[in-house]
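Peer 1: I'd like to ask some things about the structure below.
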Amino acid sequence: MIRVAGLSFAYHSGPAVLRDVSFEVEVGESVGIVGPNGAGKTTLLLCLAGVLPVPPGRIRIGHLDPGVSGDRHLLPEHLGLIFQNSDDQLIHPTVEEDVAFGPLNLGWPESVVRQHVTEAIQRTGLHGLENRVPWQLSGGEKRRAALAGVFAMRPEVLLLDEPSMFLDPRARKDLIRLLNEWPGIKLIAGHDLDLVWQTCRRTILLDAGAIIADAPSEILLSRADLLEPCGLEVPFRLRLGLSCSRDGQT
């Protein structure tokens with residue numbers, strides 16, 4: 001599971017971006033991280049992934065502590081991160097090579113890598129684009145290529161920063177289905193509260209780097225008195241009084 005205890009973070013000598021953040025996530029749980037711009041959502045995911053330096057003892061990902069150098073190097077075997085900007089994640093000459101990069105770095109046999117890459121490309125709707133240059137893809141295609149690269153590694157923990165960004169309605173619907181099928185822990189940060197409602201049974205509301213609320217999604221995301229001061233709105237489907245289905249349907 002994930003355990004965060006009293007985590008604070010500031011960039012260089014600037015003001016605190018995260019302020020005494022504490023929460024736990026159990027195995028198999030999906031949790032939305034919502035809040036306005038500047039709330040600290042992206043910073044929190046980067047701390048969890050070991051991209052940003054944190055003091056030892058503040059975070060546990062299973063048996064690993066991202067604040068400990070030796071543990072931090074082992075995180076990619078267990079945790080996958082989807083960056084907010086897909087261009088930060090796509091670095092190879094072809095889509096197929098990008099998707100294979102993570103599994104190859106883990107030292108898996110070539111036959112296993114090939115199988116995982118093929119399955120990830122199929123699941124994300126990239127079949128036929130394997131030999132395309134990533135930076136020539138559309139915004140939505142880049143998003144799916146970044147997702148495929150993480151899916152191919154089959155991590156126990158998925159951290160997703162604005163995963164529906166640039167996706168058209170069909171691709172967004174497919175993403176919701178993929179996320180609901182994924183068996184591991186998922187932390188999904190962003191402004192797409194409808195997607196969070198359809199994929200996460202629990203939601204954490206961040207504002208100014210602090211946790212404002214932590215509750216079941218059906219309750220928290222229906223609380224206009226909590227969301228509106230943070231510049232957020234109750235999801236459209238909740239406003240219509242629709243029930244949530246975990247396959248993206250109602």
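Every number in this text was worked out from the coordinates using simple rules, so none of it is lab data. Remember, predicted model here, so these are calculated numbers, not experimental data. Backbone-built Cβ (ideal geometry, glycine too); neighbour counts: all protein chains shown.
Peer 1: Would you mind checking which residues have amide H under 5 Å from Arg201's amide H? H placed 1.01 Å from N; only 5 or more apart, or other chain.
Peer 2: Amide H neighbours of Arg201: Ser30.
Peer 1: Cut-off 10 angstrom, C-alpha nodes, Gaussian network model of the chain. Which of Arg170, Arg154, Arg202 fluctuates the most?
Peer 2: Most flexible of the set in this elastic network: Arg170.
Peer 1: Something else now. Expressed in nm to one decimal, what extension gain is obtained for the pair Asp88 and Glu156 from 0.36 nm per residue of sequence separation less their Cα-Cα distance?
Peer 2: Using 0.36 nm per residue and subtracting the Cα-Cα distance, I get 22.3 nm.
Peer 1: Using modelled amide H (1.01 Å from N, peptide plane; none on Pro or chain starts), what sits under 5 Å from the amide H of Met165, excluding residues fewer than 5 places away?
Peer 2: Under 5 Å from the amide H of Met165: no residue qualifies.
Peer 1: For a quick protection proxy, order the peptides 195-201, 132-138 by their average other-Cβ count within 10 Å, most packed first.
Peer 2: 195-201, 132-138
Peer 1: Still on this structure, I have one more. Sticking with the crude label model, points 7 Å out along Cα→Cβ, report the distance from Phe166 to Arg114 in nm, one decimal please.
Peer 2: Spacing of the two 7 Å Cα→Cβ label points: 3.0 nm.
Peer 1: Given the options Pro183, Phe83, Met153, identify the residue whose Cα lies farthest towards the positive end of the charge dipole of the chain (+1 on Cβ of Lys, Arg; -1 on Cβ of Asp, Glu).
Peer 2: Of the options given, the answer is Pro183.
Peer 1: Among the DSSP beta bridges whose two residues both lie in the chain, what percent are antiparallel, rounded to the nearest 5?
Peer 2: 50 percent
Peer 1: For q values of 0.13, 0.14, 0.19, 0.25 Å⁻¹, compute log₁₀ I(q)/I(0) with the Debye formula on a Cα-only model of segment 86-154, without solvent.
Peer 2: Reported log10 I(q)/I(0), two decimals: -0.28, -0.32, -0.60, -1.04.
Peer 1: How do Leu18, Leu226 rank when sorted from fewest to most other Cβ atoms within 10 Å of their own Cβ?
Peer 2: Starting with the residue having the fewest Cβ neighbours, the order is Leu226, Leu18.
Peer 1: Before anything else, pin down the relative contact order of segment 86-154: Cα pairs under 8 Å, at least 6 apart, normalised by residue count, whole percent.
Peer 2: 50 percent
Peer 1: Rounded to the nearest 500 deg cm²/dmol, what is the calculated helix-only ellipticity per residue at 222 nm for the chain, with -39500 (n - 2.57) per DSSP H run of length n ≥ 4?
Peer 2: It lands at -9000 deg cm²/dmol.
Peer 1: How many nm separate the modelled label positions at Arg223 and His73, each set 7 Å beyond the Cα in the direction of the Cβ?
Peer 2: 4.3 nm
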